[in-house]
Amino acid sequence: MTFLTNLDDKTLKDGAVPTFALSQRGRAGMQLLGAVQKYSSGVLRPIAAENFAADKRGKALSAEHEAAAPGESARDRINAAREVCESDNVYRLERFIQRWVAEENFNRGIPAIEERREKFEAFNAAQGDTELLGTLDLSAQVALPKYYDRVEWHLEPGGWDGYDLYGALFAYGVGPYVFSHGGYAAVGVGDDITKQRANTIRQFPKESYGRIYEPGCGGVSTLKAVNSVFPEAELHGSDLSPLLLKNGQKMASRFGFPVHLKLADAAHDTGEADESYDGVITYALHHELPPKANREMFRELFRIMKPGADIVISDPPPFRAVSMFHAVILDWDTEHREEPFFSAVLHDSLDAMLEEAGFTNVESYAIGQDQYPWVTRAVKPATLAAEAA
Amino acid sequence: MMEPTGTDYLGADSVTDVARMLMALVSEVWIMRDRQIVTEYLLETKGAVTREELDEFVPSGDLAAQITAERERFARLVAGAPIAAVRRSVPEILERAGLEAPEAAN
Ligand SMILES: C[S@@+](CC[C@H](N)C(=O)[O-])C[C@H]1O[C@@H](n2cnc3c(N)ncnc32)[C@H](O)[C@@H]1O
């Protein structure tokens, strides 16, 4: 889950309208969710991890997990480890709190933003005076893929487009008050996802880039990070959600950088020309697609990249890269935080998918605690000769 | 032993829902506590306060830091209550309360 966590007013364009805020009730209610989740992942979870490590069966499973050949299926091992975890009341309490907060982000968050609708709309209208930068193309006839339609991602009622004020809810409620503490899904406790994005962008190997593309760019939080690291780059993005794209263009304009956004199914047809990009970034995207769609997307991205162009990916770490206990924690999201493909993708290998699509110099590594952000990067061969070599 | 009081209306599989009810109540209590801190602050600094000012007020600076500390203590006391049943040394009890353990307590 990825969104702006703080609308740092210092980075706003001169003359931008000051940030809108929730009421005392809305703010305090959301802040409590953040505090409880922080306690749960920061204090309860390490106790549960200790209890797992002290358990005889837990120890044996951890040893097996560490010794396993990379790529060896961990499904049975994760199931067995989950049973050990569930025999511990602290683990269960920690998971209950994670689930409760995920429910409440919407149960509490939707009313908190709805009661401010008028104020938000006025604030939004005032922003209308801010000139919209870049382009927004929603004209493509895009059939929503089956795996996307009707999924209530992260327990979000109605899915990404299920409520017109979701953008505001994330920007002014869930983002700054809950997600900003980290400690949910793959994000480590205390981690700031805005900084994680910038650190990921720094994994691009070249000094500067001409055109950069982001499939599944959502509300442009990652393109904002790209702009901060490569201010010279021309930024393009696509998404399946018209609402996120509209909010994205507004947000980028507010921060004063142009983006070119297009409605598209990037696993099918980005609508972009062959060999037209110097760099591609994907952020928190692949775990939301079934492995087959990911493979198709990599072929499509390969097509639109120039020879010698770089791709950088940040997605949760594969199970093989994390501890046995942490594998149980990540696996949990699939069933309990509506992430239908999370486990399937974490069992698979993005490295292998990139190689199948023709990329070379594929490597993957962690740049933060609990192996997150996990970065995978690769290059489209500069020449056919290089590809053959 | 005390006699059972009758039908077990909720049943063991409702424990999670009881926890949801508890957490809903905890949220409401915190919202009131936050409002009280803000009310005291506005009264102290301005001498009077309207309901609208309370609704619109967004704490910043020292006050925000003070509310954050209080909220974390509150979250720790509630969500950590089961831990408090087993981690009961004097330093642990003081730490949960947000107090530093004096040398003598160690
Ligand atoms: C978790 S969000 C991440 C958003 C953004 N990358 C960021 O860092 O904030 C995943 C996004 O991928 C989009 N998405 C999923 N499948 C897609 C597809 N096949 N084509 C384009 N976008 C897709 C979703 O609509 C959603 O906005």
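Kindly list the residues of the range A:345-372 that lie in the label zone of A:Ala68, defined by a backbone N under 16 Å from the point 7 Å along the Cα-to-C-beta vector. Once the point is set 7 Å along Cα→Cβ of A:Ala68, A:345-350 turn out to lie under 16 Å by backbone N, inside the range A:345-372. Principal axis analysis of the Cα atoms in chain B yields extents of 58, 43, 21 Å, listed in decreasing size.
Computed from the Cβ-Cβ distance with R0 of 41 Å, the FRET efficiency linking B:Thr16 to A:Lys292 stands at 0.70. Rounded to the nearest 20, the Cβ-based charge dipole of the protein assembly as shown about its Cα centre (Lys and Arg +1, Asp and Glu -1) stands at 520 debye.
Counting only DSSP beta bridges whose two residues both lie in the range A:270-385, roughly 65 percent are antiparallel. FRET efficiency for A:Asp137 and A:Arg99, Cβ-Cβ distance as r, R0 = 41 Å, nearest 0.05? About 0.60, to the nearest 0.05. Where both residues lie in the protein assembly as shown, what percent of DSSP beta bridges are antiparallel, nearest 5? DSSP beta bridges in the protein assembly as shown are roughly 40 percent antiparallel. Here, the range A:94-133 yields an orientationally averaged convex hull projection of 4.2 nm² when only Cα atoms define the hull. Legend: mean number of C-beta atoms from other chains within 10 angstrom of residue C-beta atoms, peptide B:76-84, equals 5. Taking only the Cα atoms of chain A, the ratio Rg/Rh comes out at 0.96, with Rh defined as the Kirkwood radius. With all pairs of separate Cα atoms included, the range A:134-174 yields a Kirkwood hydrodynamic radius of 12.2 Å.
Sorted from greatest to least, the principal axis extents spanned by the alpha carbons of the range A:230-389 come out as 46, 42, 28 Å. Across peptide A:34-42, the mean count of Cβ atoms from other chains lying within 10 Å of each residue's own Cβ comes to 5.
Along the positive direction of the dipole of chain A (beta-carbon charges: Lys, Arg +1; Asp, Glu -1; about the Cα centre), which of A:Val375, A:Ala252, A:Ile47 reaches farthest? It is A:Ile47, whose Cα lies furthest towards the positive end. What number, rounded to the nearest 500 deg cm²/dmol, is the helix-based mean residue ellipticity at 222 nm of the protein assembly as shown, given -39500 (n - 2.57) per DSSP H run of at least four residues and division by all its residues? Value at 222 nm, helices only, nearest 500: -14500 deg cm²/dmol.
Stretching the chain fully between A:Glu50 and A:Ala344 yields a gain of 103.1 nm (0.36 nm per residue, less the alpha carbon separation). Per residue of B:21-28, other chain Cβ atoms within 10 Å of the residue Cβ number 4 on average.
Bear in mind these aren't lab numbers, they're just calculated from the coordinates by the rules spelled out. What you are looking at is a predicted structure, and each value in this text was computed from that prediction instead of being measured. Cβ: placed from backbone, ideal geometry, glycine included. Neighbour counts: every protein chain shown.
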